[in-house]
C-alpha cells in the first residue's frame, strides 16, 4: 500500500513483481492515472508466490476500508 505525501493523504493499493520500479513510476507520473501528480511512500507490503493470490489479496484490501484505514493510521507518524 502506498500513501501520498501531502497534507490530506490518500492511499493506493496495487500489485507488482518489482516494487522499487513501480514506486519510481508512480512518483514520476507514469503509473496508474490515480497516482499521477502525487508523491508516494510505501507503508505496507505483502509477498505472494502467485499472481492470482496477489490479485485476490489486492481486491480484498481495496474493498475493506476498515483495514486500509487501520494500516494508514498505524503508519501515521512514519
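Every number in this text was worked out from the coordinates using simple rules, so none of it is lab data. Keep in mind that what you see is a predicted model, and the values were worked out from it rather than measured. All Cβ positions, glycine included, derive from the backbone under ideal geometry; neighbour counts span all protein chains shown.
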Inset, instruction - Could you look through the range 23-32, keep only residues that are touching a strand residue (DSSP E or B) at 6+ places or on another chain (Cβ under 9 Å) and without any contact (Cβ under 8 Å) to a residue 24 or more places away in the chain, and pick out the one that is nearest to residue 49 (Cα to Cα)? - result: 23
Inset, instruction - Please work out which residue is farthest from residue 71 (Cα to Cα), limiting yourself to the range 1-22 and to residues that are assigned to a loop (DSSP other than H, G, I, E, B) and touching a strand residue (DSSP E or B) at 6+ places or on another chain (Cβ under 7 Å). - result: 5
Inset, instruction - Look at the range 33-64 and say how many of its residues are surrounded by 10 or more Cβ atoms within 10 Å (Cβ to Cβ), over 14 Å from residue 14 (Cβ atoms) and without any contact (Cβ under 8 Å) to a residue 12 or more places away in the chain. - result: 2
